[in-house]
Amino acid sequence: MKIAFFTDSYAPYVSGVVRSLQRFTKGLAQQGHEVYIFAPFYYGKKFSKHIEQQSDPYAKKVFRFYSVPAPTHPSYFLPIPISIRAERLLRRLDVDIIHTHAPFLTGQLGAMLAKRLDVPLFFTHHTVYQEYLHYVPAPRKATERVVINFLKWYCHRCDHIITPTDATKEMILELYDLKTPVTTLPTGVDLDPYEDADPMWLRRKLQLAPEQPVLLSLGRLSKEKSPEMLIDAFKIIQETRPDTVFVFAGDGPMMEPLKQKAKDLGLADKVYFTGALDADEVAAAYLGADLFMFASQTETQGLVSLEAMAGSLPIVAVDASGTNAVVIDGETGFLTEPTPQALAEGALTLLQSPELMQKFSVQARRQAEQYSVTATASRLVKLYESVLSEKRS
């Protein structure tokens, strides 16, 4: 099959949506399918290599739209998906499926082209969009109603919708009053980078002693991920285990405020920030830590928790949608109330019990292996084939 992915974000930008796209692209390509990606172009020193933005190790080709920095989030570029060549290009490529990964900018173009080309339109509802409205300079309540109505309208245009978890599926079925078929299909975990990753890389990078327990959180440093709660939890952990350090892996608008908060709490020499990491460095970071902590309550899928479990890390995380779909409380980690005290208690229980830590570590890896890229891509192919068969009959 030939599949066109339309997305409002892609590499070199780093996010859970981007990782999901890359993993499904890899899984589909390894099974002999062709994936074409339509995404924004990223400008500036950090994204200066033009040729790298036109390629992907597994996509057949990456096509880029002109884009502009988002007014409230300059590192995020908004694509301008206006191309008089797009329809002609897709006809020439003879695509079988158009699959959008955002409903707004490229999603609108993808939906229009699917209708014109008479091919199935898939949409993955990656994000609980109304949880991100603090980036929009407008009254929250009115904006939330507009967004929900828009999503309802968009979802009714699709042939099939994919959600990462059952909780997200249930939410949109009720919220949008959907008749469109919805399937839960989690993003797979790419186990390959862990095979060759260096487990000592993180400690060398941060000049940490081999015996120091490392608590890790990985992801975008943004308000909706609640990273400040983790620093408050770490302050409590330090009272019992002053030998521990905390590492934030990733980048985002909250980095400087978090550094200041750590300094204000007297933790400046115990809290580290790696900045953005590439795929191999991410795997090495997981392998170099002892425990993974996560406070986000806005996940549609606990992707970073799955990644951490693939690195054999026990999890201590807030019991919230997405994360609780992949972390088994009391087996692969602890799911807690959304408070610093509860998170700290979960972490200390494991830090004070090496036997329990090892048990959770083994079970975490075993759980992650059930979400391999190959398995999830195979399920996606079956969905594509089913909808294509219905449309052609």
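Taken together, ALA289, ALA249 contain a single residue that is part of a strand (DSSP E or B) and in contact with a strand residue (DSSP E or B) (Cβ under 6 Å, 6 or more places away or on another chain), which is ALA249. Hey, could you check segment 222-233 for residues that are modelled with pLDDT under 95, surrounded by fewer than 22 Cβ atoms within 10 Å (Cβ to Cβ) and of a type outside the set (Gly, Ala, Ser) and say which is farthest from the chain's Cα centre (by Cα)? Filtering first and then ranking leaves LYS223.
Condition first: touching a residue at least 40 places away in the same chain (Cβ under 8 Å) and in contact with a Pro (Cβ under 8 Å, 6 or more places away or on another chain). Can you find one or more residues in segment 259-272 that meet it? Checked segment 259-272: no residue is touching a residue at least 40 places away in the same chain (Cβ under 8 Å) and in contact with a Pro (Cβ under 8 Å, 6 or more places away or on another chain).
A residue that is part of a strand (DSSP E or B), surrounded by fewer than 23 Cβ atoms within 10 Å (Cβ to Cβ) and out of contact with any His (no Cβ under 9 Å at 6 or more places or on another chain) can be found somewhere in segment 356-375.
Inspect all residues belonging to segment 255-263 and state whether any of them is at positive phi, within 21 Å of the chain's Cα centre (by Cα) and surrounded by fewer than 24 Cβ atoms within 10 Å (Cβ to Cβ). Within segment 255-263, not a single residue is at positive phi, within 21 Å of the chain's Cα centre (by Cα) and surrounded by fewer than 24 Cβ atoms within 10 Å (Cβ to Cβ).
Taking LEU267, is it under 27 Å from LYS26 (Cβ atoms), in the same structural domain as GLN352 (by TED's automatic domain parsing) and not in a helix (DSSP H, G or I)? Lay out the reasoning, then the answer.
Numbers: under 27 Å from LYS26 (Cβ atoms): no; in the same structural domain as GLN352 (by TED's automatic domain parsing): yes; not in a helix (DSSP H, G or I): yes.
For LEU267, the condition - under 27 Å from LYS26 (Cβ atoms), in the same structural domain as GLN352 (by TED's automatic domain parsing) and not in a helix (DSSP H, G or I) - is not met.
The values are calculated or read from the model by the stated rules, or taken from the named source; none is laboratory data. As the structure is a computational prediction, the values presented were derived from the model and not from experiment. Here the Cβ is made from the backbone with ideal geometry for all residues, glycine too, and neighbour counts use every protein chain on show.
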